[in-house]
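Some notes on the structure that comes next.
The values are calculated or read from the model by the stated rules, or taken from the named source; none is laboratory data. Remember, predicted model here, so these are calculated numbers, not experimental data. All Cβ positions, glycine included, derive from the backbone under ideal geometry; neighbour counts span all protein chains shown. These area figures cover heavy atoms from the full protein model, side chains too; ligands, DNA and RNA do not enter into them. Shrake-Rupley method; radii C 1.70, N 1.55, O 1.52, S 1.80 Å.
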Amino acid sequence: MEKKILTKYVDDPNQINIDTYLSHGGYKALEKVLKEMKPPEVIEEVKKSGVRGRGGAGFPAGVKWGFIPKDNPKPRYLVCNGDESEPGTCKDRVLMESDPHSVVEGMAISSYAIGSHLAFIYNRGEFAYPARMMEKAVEEAYEKGYLGKNILGTGYDLDMIVHTGGGAYICGEESSQLNSIEGERGMSRMRPPFPAVAGLYACPTIVNNVETLAAVPFIINNGGDWYASMGTEKSNGTKLFSLSGHVKNPGNYELELGTPLSVLINDLGGGMLDGHKLKAIIPGGSSTPMLLPDQIDVKLDYESLVEAGSMLGSGAVIVIDERTCMVWVAERLIHFYRHESCGKCTPCRDGTGWLEQLISRIERGEGKPGDIEKIESLCGNIMGRTVCPLGDAAVMPIQSSIKLFRDEWEYHIQNKKCMVKSEFAFK
Amino acid sequence: MILNEKSVAEIKKKMVRYPRRKSARLPAITVAYRQEGHLHGELYREISQIIEIPVIDIATAASFYTMFPKEPVGKFLIQVCHNISCALLGADSLIGYLEEKLGIKKGETTEDDMFTLISVECLGGCTAAPMMQINDEFYENLTHEKVDKILEDLRNKA
Ligand SMILES: Cc1cc2nc3c(=O)[nH]c(=O)nc-3n(C[C@H](O)[C@H](O)[C@H](O)COP(=O)(O)O)c2cc1C
Ligand code: SF4
Ligand code: FES
């Protein structure tokens, strides 16, 4: 059921050491591209694989790399996005802490493909341990000549910096991340220009998610066609899913795209915790619209989830059972987005604050008639009107909670209390 | 100087790797926080001297990043994730249990300056909920017994 490609060796505690990584075929793909392939051929192979961004937006990686302007004389940069802060998501961490060399190798290949000589891995600040593992991997790669000057005698130079953040979710958004690396406050930038044209230090820059880049060595070793043969027609390859919430066996699972959600929740996840009934599923990280129990057979791929009214997002599947109040869920989520808004644009900065006030008062049993409509109107005024997609991310789960569970919201206002309690004791 | 030799050396080592000096701001702030446990004006001044950019630029950047406390905290900063995946598995009751065990409310520090208890947003440990971070360590799949043991071990270590 699981298809372990990126995660094949994550349970081997020695995989963090370069010798073990090498014994599993590590750095062969880097050697192959440096000695046998021209950068455009690497880009072509990645395009052929169809691998799409695993950070949330799902943009084809090879196509993005092709956006680097050919005639721009400025240096180019690669940034590997390991900020991983969308609630529910904890998959990049697995790769960074258990197979860090696969991330280094993927970054090195991608850097070569886009003509970069300096690559950054942006690690969320709280990930002290994954950052240490990445630092160790980078050091070992330098020692063995897979990074640094004249790599493997091919004349290609590449430096790599592990950069750690400071606990801001918005720094996962690529333009904020670039500001953060530059040493600024992590506020989003207006686009255009897109990072591929003017990114880090106003130079052409490619930002890719950890999981996206970790797939690259496999694509080079086995060919783009091999990768594209997995998954569905438009969602190729495998994807890591972080399963959390009310399931028996939460964890990270690597699945071929197109695998039914029920396989993840019931077969791998062992079904619902303590036999409670399923109420809702957040399928792609906290910002994606919720699904209902009758949608549990939806296929986990980019297109099927859009068809089902949601998104694949970062692949964080959060399972919610019948004991949960959906206003309470909405309050948790809006609190997060209000806290994490960078403050650059008014609809998001002020809108998330008002939303939190309104939703909290409903949750406290102080809601007034008309509050739901006010929330809906606020959501409508934020959606699509902000500098970066955090505004949309904040309102989507709220809109979906109201759409799917309006009776609970109304009950709250009329009866000044929850319909169901959400009192969860830890073990 | 408050920053010790090791911290200064670390900042300088990081600084030279970046194409622009100002990129060393967040790494330098991180080093200072790891040494001192919280950030304050004097540290900003020292960082600004090392990387040679105005102190105000250090302070504005630092103020954006909530991971670094700007007031003194206890020797052990307990940060419990209260976000959705953890909340579904009892994060609130975990906070309550810690409040009871430590005899403080969320946001407070114990009288002996040993523990500060706060709640934070998702830490990327959602599949091992409920979880918390104490200083740089993650503690996951928490149960009452585990929490008791963690606190006891920390007290013994102190
Ligand atoms: C608010 C916000 C937070 C984001 N957080 C992350 C993150 O933690 N990790 C990530 O890889 N992408 C994140 N993204 C997406 C990035 O902006 C970007 O699309 C991605 O890193 C590109 O890599 P990919 O094409 O390989 O997915 C976030 C986007 C937004 C709007
Ligand atoms: S949408 Fe929110 S996070 Fe994004 S730029 Fe505007 S204020 Fe900042
Ligand atoms: S929700 Fe608690 S670690 Fe992610």
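Structural remarks
- Which numbered condition A:Arg189 misses (of (1) more than 21 Å from the chain's Cα centre (by Cα); (2) more than 14 Å from every other protein chain (Cβ to nearest Cβ)): (1)
- Condition met for A:Arg349 (part of a helix (DSSP H, G or I), open to solvent by 30 Å² or more (accessible area, probe 1.4 Å), farther than 23 Å from A:Glu410 by Cα and within 13 Å of chain B (Cβ to nearest Cβ)): no
- Flag for A:Gly145 being within 15 Å of ligand 1 (Cβ to nearest atom) and assigned by TED's automatic domain parsing to the domain that holds A:Leu34: no
- Residues in the stretch A:75-93 that are open to solvent by 10 Å² or more (accessible area, probe 1.4 Å) and more than 7 Å from every other protein chain (Cβ to nearest Cβ) were compared, and the one that is nearest to ligand 1 (Cβ to nearest atom) is A:Asn81.
- Any hit, the stretch B:12-26, residues being hydrophobic (A, V, I, L, M, F, W, C), more than 22 Å from A:Tyr122 (Cβ to Cβ) and not in a helix (DSSP H, G or I): no
- Residue match in the stretch A:323-344 (condition: within 12 Å of chain B (Cβ to nearest Cβ), aliphatic (A, V, I, L, M), in a helix (DSSP H, G or I) and in contact with a strand residue (DSSP E or B) (Cβ under 8 Å, 6 or more places away or on another chain)): yes
- Look at (1) assigned to a loop (DSSP other than H, G, I, E, B); (2) assigned by TED's automatic domain parsing to the domain that holds B:Val147 and you find that B:Pro69 fails only one, number (2).
- Within the stretch A:166-190, the only residue that satisfies the criterion of being in a loop (DSSP other than H, G, I, E, B), within 16 Å of ligand 3 (Cβ to nearest atom) and crowded, with 23+ Cβ neighbours inside 10 Å is A:Ala168.
- Residue in the stretch B:40-66 that is nearest to the other protein chains (Cβ to nearest Cβ), counting only those that are open to solvent by 60 Å² or more (accessible area, probe 1.4 Å) and in a loop (DSSP other than H, G, I, E, B): B:Thr66
- Segments classed as helices (runs of 4 or more DSSP H), wholly inside the stretch A:1-86, with at least 2 members that are in contact with a His (Cβ under 8 Å, 6 or more places away or on another chain) and touching a residue at least 12 places away in the same chain (Cβ under 8 Å): A:18-23
- Test: B:Tyr33 is within 14 Å of the chain's Cα centre (by Cα) and either surrounded by fewer than 20 Cβ atoms within 10 Å (Cβ to Cβ) or within 13 Å of chain A (Cβ to nearest Cβ) (or both): yes
- When B:Ile11 is tested against (1) open to solvent by less than 40 Å² (accessible area, probe 1.4 Å); (2) of a type outside the set (D, E, K, R); (3) in contact with a His (Cβ under 8 Å, 6 or more places away or on another chain), only condition (3) is not met.
- Restricted to the stretch B:83-158, the set of helices (runs of 4 or more DSSP H) holding at least 2 residues that are under 25 Å from A:Arg132 (Cα atoms) comprises B:144-157.
- Among the candidates A:Gly231, A:Gly223, the residue that is more than 14 Å from chain B (Cβ to nearest Cβ), of a type in the set (Gly, Ala, Ser) and buried (at least 20 other Cβ atoms within 10 Å of the Cβ) is uniquely A:Gly231.
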